[in-house]
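J.: Sharing a structure with you now.
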Amino acid sequence: MGKIGNRLSLQARIYLGFAVLFLLILVTAVSGYAGVARLQAANEMLRRTAVTNSDLLRIDRGVQELRFRVSRYISSGYESLHRDILTLIDELATQIETTRASEDDPAVTELFQRMRGHIVTYREQFDKVVAERNLQASLVHESLPDLSRRINAGLDQVNTSNGETESDLETALLVLRAETAFSQAEKLLLRYFDRPDSRLASDALLQLNTAHQSVDTAATTPATGVNAQAVQNLLDEYRRTSTRAVQATRGFLYFVNVVMAGEASEVTYYSRELRHASEARQAALVQEMADITTTTSRAIVASVVIALLVALAVSLRLAYLVVHPITALTTTFQRLAEGESMIMIPGTERGDEIGAMSKAARVFSDQNQNTKELLERSETLRNELKEQTEELEATNADLDSFAYVASHDLKSPLRGIRQLSEWIEEDVGPNLPPDSRRHLSAMVERITKMETLLNDLLQYSRAGRADVAPEEVDLGQMLRSLVALIDNPAAVAITYPDDLPRLHTARVALEQVLLNLIGNAVKHNDRAEGGRVALEVTRHDSYYLFRVSDNGPGINPKHHDRVFQMYQRVGNPNVDGSGMGLAIVKKQIERMGGCIALKSAPGEGATFEFTWPVTMKSKSKEV
């Protein structure tokens, strides 16, 4: 394992340490995410349990309200209460079903199913209560009052048909006893129907039996027999009807107080059981959430502690592998940066990146040694170059002196010869033969050419050699002055833009260039009429582009390089010139940092383009 670690590069070791840290962080994140997910699931279950508890409380309140409304209905019998009770029962059934559908625990679902079954049974029993209640109301408020009136009327007829004999008096006494008993029975029944009590019903039946016995005795009298028999029948009907009314009352009271109360109690019981189960589940969920929180916290803390320990171990290991060697290499590179060359470089024996850096330091050390040697050679060459420069300056000075002396010393004999030729022409000119006069004229012409060549030679040697201070130049004004100086016998049209720029440059050098180019274009234009020369100037970033074009005879492309050489002429030989003008132009332009080019062909005129710096940054001086 140690050999494998030694073969690993420093980069691989760092990546391995980071991979371990990342793995620990990932484990921590996964543990936290799993814990949070479990907490969210438990919290959702807790929320659903709370909702179920709330629904169960609403169901309990609904059952209590249902009992209260049923009690009011039993006492009042209002149809509106009947409809409200049915609506409330349906709402409770719907609420129970909705709550059951949201549960996934089979035991809880079964309890809700049973609760709903009891609600359905409660409604069925309530329908029976309503039927018995309606029957009792019909009997009490319709049938019994009607029978009561008929019985009282029958008893009155018995009294009316009775005579004044002693037996009739006994019959009348029996009728009175019957009326009293029947009246007492009615009162007892009314009290029973108002506040049902079995003793009241029994007493009412006893009173009815008493009334019936009195009428039975009165029926034995011939005078009252028929009417008494009718009353007996009505009393029997009344007893049957009141008995049915008592049974109906007992029936709906049984349904209300026993059956329906039992169903309501069952609903309440199941609701209580569900609440207990929900509360137990809620407590279990709270405990589960606490356990999850504790477990997750411990896992995260353990992961963080392990990650910190691993990070510390990795940091110490990397410090040992990197910091100390890097510090030594830093010192080494600082010494190398100061130009030292070192024999011993630390870390060259390593096979990792630090070893590669140590080898690079060895290369730098070798290069420093080579640089020292090159600097020594450069110093030697610089001294030699300085000596050669001084020699070149001396040679240039000698050339300037020679050009001046040669021009001056050669011009003096030429001026003497010109003067002698003029004297000869004045003295014996008319007497000379034609050949002699022609020879004398040729000699003067050659003297003039010789003087021109000497002047151009001196001007070329001095072109761009003197220190020239830049100044503001109005290009338009300069051109107007130059055009006035140019000899233009053929009236060649010279055009240039009106809005020419102002330049900060060497005035004399630019004047010399433009004078030569425009002068050559005018001088070599072979058109008797319609000759023209055009100057254009275009501003670029750091230079101006000058373009001098004409419609003259043009120049063959094979002579384009030759026209810029000294003493080279490619135009009309009859036109005066030394062949030095374009050479001087090229030298001046190049000394200013520009360049010149020619575009021309025979019969198409010529265009000279040259660049000129916008601003002179330093003085031009030739060495």
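J.: What does the accessible area of residue 27 come to, in Å² to the nearest 10, when a probe of 1.4 Å is used?
T.: Surface open to solvent at residue 27 totals about 70 Å².
J.: Sort the following peptides by mean Cβ neighbour count (other Cβ atoms within 10 Å, averaged over residues), highest first: 529-536, 87-94. It would help to have the intermediate numbers written out before the result.
T.: Working: 529-536: 17.0, 87-94: 15.4.
Result, highest mean Cβ count within 10 Å first: 529-536, 87-94.
J.: Once the whole set of protein chains is in place, how much accessible area is left on residue 108, using a 1.4 Å probe, in Å² to the nearest 10?
T.: Here the accessible area works out near 20 Å².
J.: When ligands, DNA and RNA are left out and all protein chains stay put, how many square angstrom of accessible area per residue does the stretch 137-255 have with a 1.4 Å probe?
T.: Accessible area per residue: 53 Å².
J.: Counting only protein heavy atoms and a 1.4 Å probe, tell me what percentage of the stretch 1-155's accessible area is made up of carbon and sulfur.
T.: In the stretch 1-155, the share of accessible area belonging to carbon and sulfur is 59 percent.
J.: Another question about this same structure. Once R0 is set to 35 Å, what does the formula 1/(1 + (r/R0)^6) return for the Cβ-Cβ distance between residue 202 and residue 75, expressed as a FRET efficiency to the nearest 0.05?
T.: Once the sixth-power term is evaluated, E becomes 0.90.
J.: Next question. How much length, in nm to one decimal, is gained on full extension between residue 360 and residue 526, taken as 0.36 nm per residue of separation minus their Cα-Cα distance?
T.: 52.5 nm
J.: Assuming 0.36 nm per residue, please report the length gained on full extension of the stretch residue 84 to residue 335 beyond their Cα-Cα distance.
T.: That pair, residue 84 and residue 335, stretches by 80.1 nm at full extension.
J.: If R₀ is 25 angstrom, what is the calculated FRET efficiency for the pair residue 318 and residue 25, using the beta carbon separation as r and rounding to 0.05?
T.: Calculated transfer efficiency: 0.90.
J.: Can you send over the solvent-accessible area of residue 600, 1.4 Å probe, protein chains only, in Å² to the nearest 10?
T.: About 20 Å², ignoring ligands and nucleic acids.
J.: Let me ask something else. If each residue of separation counts as 0.36 nm, what is the full-extension length gain between residue 560 and residue 306 once their alpha-carbon separation is subtracted?
T.: 83.0 nm
J.: Could I ask something else about it? Please compute the per residue accessible area over the stretch 466-613 with all protein chains in place, 1.4 Å probe, rounded to a whole number of Å². Provide the component values of the computation, followed by the final result.
T.: On the way: 7610 Å² over 148 residues.
Heavy-atom SASA per residue in the stretch 466-613 reads 51 Å².
J.: While we're looking at this one, here's another question. Out of the total accessible area of the stretch 466-613 (probe 1.4 Å, heavy atoms of protein only), what percent is carbon and sulfur?
T.: Details: 3550 of 7610 Å².
Roughly 47 percent of what the probe reaches on the stretch 466-613 is carbon or sulfur.
J.: Then there's this: I need the peptides 602-611, 30-39 ranked by packing, meaning the mean over residues of other C-beta atoms within 10 angstrom, with the highest value on top.
T.: 602-611, 30-39
J.: If you don't mind, there's one more thing I want to ask. What is the set of long-range amide H partners of residue 496 at a cut-off below 5 Å, with H atoms built 1.01 Å from backbone N?
T.: Here the answer is 535, since their amide H atoms fall under 5 Å of that of residue 496.
The values are calculated or read from the model by the stated rules, or taken from the named source; none is laboratory data. The model shown is predicted, which means the values in this text are computed figures rather than measured ones. Reconstructed Cβ throughout: ideal geometry from the backbone, glycine too, with neighbour counts over all protein chains shown. SASA here: full protein model, heavy atoms, side chains in, ligands and nucleic acids out. Shrake-Rupley method; radii C 1.70, N 1.55, O 1.52, S 1.80 Å.
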